[in-house]
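Here is the structure we will look at.
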Amino acid sequence: MRQELDRKLLAAGAAVGLILTVAGAAGSHLLYQPLTSEGLEETQRLLERIETISTWNTAMIFGWAHTIASLWTAGGTSTVSRRFRPAGWLFLIGVALFSGGIIVRAILETSLPALALPTWLTPLGGAAFISGWLFVLVVGIREGRRPQPRV
């Protein structure tokens, strides 16, 4: 039995994938400039850049993992239930808040420190990720308990 593909969820997931690709490319060019250490002040800047690069990479990893998961929930095959689709939207909300918050904060802290975003966006995104996976878990358990025909 073929199920309908959720085209809106698929398009949103593809758009997020495109944004993450551009952000990853931009970050690799803006953040990975040659690092040199000349004196104590330069060493402090070097350590701050390493921390920013590490945080950026975390945003990319979590963003991509959940973008791929959201594309899976878009369905289109009999192995993916329509019931998983709300989890896909939770994953994309999580990417926007968690990865997006980290990316924007890293850019602003690098170029405009006074405009850095509040750090509360990231945990909200993490909560959306967790909610999405919890949703998949509950639906998966429920669908695995289909009533057996009585003989």
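The values are calculated or read from the model by the stated rules, or taken from the named source; none is laboratory data. The structure presented is a predicted model; accordingly, all values stated were derived computationally and were not measured. As a convention, Cβ positions derive from the backbone with ideal geometry for all residues, glycine included, and neighbour counts pool all protein chains shown.
Some observations on this one:
- Where a residue in region 42-68 is more than 30 Å from Arg85 (Cβ to Cβ) and its partner, wherever it lies, is surrounded by fewer than 15 Cβ atoms within 10 Å (Cβ to Cβ), with Cβ under 6 Å and at least six apart: Thr43/Ser37; Leu46/Leu35; Leu46/Ser37
- Glu51 being at pLDDT 75 or above and of a type in the set (Asp, Glu): yes
For (1) surrounded by 14 or more Cβ atoms within 10 Å (Cβ to Cβ); (2) modelled with pLDDT under 90; (3) in contact with a helix residue (DSSP H, G or I) (Cβ under 8 Å, 6 or more places away or on another chain); (4) not in a helix (DSSP H, G or I), each residue gets a yes or a no:
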site	(1), (2), (3), (4)
Leu92	yes, no, yes, no
Gly125	yes, yes, yes, no
Leu137	no, yes, no, no
Arg150	no, yes, no, yes
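- Residue check for Ala74: within 17 Å of Leu137 (Cα to Cα) and at pLDDT below 85: yes
- Considering residues of region 1-34 that are in a loop (DSSP other than H, G, I, E, B) and surrounded by 12 or more Cβ atoms within 10 Å (Cβ to Cβ) only, the residue modelled with the highest pLDDT: Asp6
- Residue satisfying condition, being at pLDDT below 85, surrounded by 19 or more Cβ atoms within 10 Å (Cβ to Cβ) and of a type outside the set (Lys, Arg), within set Ile141, Ile107: Ile107
- Thr119 more than 19 Å from the chain's Cα centre (by Cα) and at pLDDT below 75: no
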